[in-house]
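The values are calculated or read from the model by the stated rules, or taken from the named source; none is laboratory data. Since this is a predicted model, take the numbers as computed values, not measurements. As a convention, Cβ positions derive from the backbone with ideal geometry for all residues, glycine included, and neighbour counts pool all protein chains shown. To get the accessible areas, we keep the full protein, side chains included, count just its heavy atoms, and leave off ligands, DNA and RNA. Shrake-Rupley method; radii C 1.70, N 1.55, O 1.52, S 1.80 Å.
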Amino acid sequence: MSENQVIVLQSGYAHEDEIDPNAMRANCSCTLIRCRDGNNIIVDTLTAWDGERLKSLIAEQGLQPDDINVVVCTHGHSDHIGCNYLFQQARLHIVGSTASKHDLYSEYAGALDTNGEVLLEKTLGHTLSCVSVLIHNSQFDGTTVGVCGDLFERCQDIDDAQIWKAAGSEDEKQQAEQRYRIAQLCQYIVPGHGTIFKLDNEMRTKLKKNI
Ligand SMILES: [Zn+2]
């Protein structure tokens, strides 16, 4: 492979429940990164009830759970970590910036691949330990993709900041800063609860104004 492949296995969503207006229906975006060095990374693993579905989504890519080398959860909320248990052959499970294998824990920062093109970045705001994964040299004409968890809720939250604030932010000021910082580094964003979108300069200007 000459470029790193970013494959959104399932786009996230979040909306009011149709029956109970006080309840939400939500699940995260789940993304597979097939690095050109052969590493397979999964970012955010849906809810604990999605195991069979996630296995079949991975199988559609010609892989099995044991083929996943690294699990990254952008943060520790239940809809982003639910199926980590499927990937017991992975060399690391990273939740936020904390990496673990069995009972061994350490902090993690930097590259996830051997080419230094797939990077773990701290992007706090939604929670104080949120991370994003930046994929340089992607299949989208070699541009950079950010798999950002709930730093971005969905594309529409650039026009309407209430969307990401209402989704919960432990530090709104830092989140606004990180949103602009990441938008300068990336051409595409996979948001936590929406479909992948392309950034343009008008969007970056709006993000800057929101700081
Ligand atoms: Zn979420």
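Of note:
- Among the residues of the range 61-79, those that are away from the ligand (no atom under 15 Å from the Cβ) and either open to solvent by 10 Å² or more (accessible area, probe 1.4 Å) or charged (D, E, K, R) (or both) comprise GLN61, GLY62, LEU63, GLN64, PRO65, ASP66, ASP67, ASN69.
- Only one of ILE33, ILE58 that is within 12 Å of the chain's Cα centre (by Cα), open to solvent by less than 30 Å² (accessible area, probe 1.4 Å), away from the ligand (no atom under 12 Å from the Cβ) and within 27 Å of LYS122 (Cα to Cα): ILE33
- Of all residues making up the range 101-139, the number that are of a type in the set (Gly, Ala, Ser) and surrounded by fewer than 18 Cβ atoms within 10 Å (Cβ to Cβ): 6
- In the range 62-84, the residues that are without any contact (Cβ under 8 Å) to a residue 24 or more places away in the chain and over 23 Å from GLY125 (Cβ atoms) reach residues that are open to solvent by less than 10 Å² (accessible area, probe 1.4 Å) and not in a strand (DSSP E or B) with C-beta atoms within less than 9 angstrom, at least six apart or across chains, in these pairs: GLN64/ILE58; ASP66/PHE87; ASP66/ALA90.
- Criterion applied to CYS148, CYS155 was being surrounded by fewer than 24 Cβ atoms within 10 Å (Cβ to Cβ), within 16 Å of the ligand (Cβ to nearest atom) and on the phi < 0 side of the Ramachandran plot, and the one residue passing it is CYS155.
- The residue of the range 4-23 that is nearest to VAL190 (Cα to Cα), among those that are surrounded by 11 or more Cβ atoms within 10 Å (Cβ to Cβ), within 16 Å of the ligand (Cβ to nearest atom) and of a type in the set (A, V, I, L, M, F, W, C), is VAL8.
- Odd one out for THR195, checked against (1) open to solvent by 50 Å² or more (accessible area, probe 1.4 Å); (2) more than 16 Å from the ligand (Cβ to nearest atom); (3) under 12 Å from the mean Cα position of the chain (by Cα): (2)
- Set side by side, the residues GLU121, GLU117 differ, and just one is touching a residue at least 12 places away in the same chain (Cβ under 8 Å), farther than 23 Å from ASP79 by Cα, more than 16 Å from the ligand (Cβ to nearest atom) and touching a strand residue (DSSP E or B) at 6+ places or on another chain (Cβ under 9 Å), which is GLU117.
- Filtered residues of the range 124-156 (kept if more than 16 Å from the chain's Cα centre (by Cα) and without any contact (Cβ under 8 Å) to a residue 60 or more places away in the chain): ASP141, THR143, GLN156
- Test: residue in the range 180-191 that is among the polar types (S, T, N, Q) and surrounded by 17 or more Cβ atoms within 10 Å (Cβ to Cβ): no
- Residue pairs meeting the criteria (Cβ under 9 Å; at least 6 apart or on separate chains; first at pLDDT 95 or above, in the range 186-204; second more than 14 Å from the ligand (Cβ to nearest atom) and acidic (Asp, Glu)): GLN187/ASP141; MET203/ASP159
- Of the residues making up the range 36-53, those that are within 16 Å of the ligand (Cβ to nearest atom) and touching a residue at least 40 places away in the same chain (Cβ under 8 Å) are ILE42, VAL43, ASP44, THR45.
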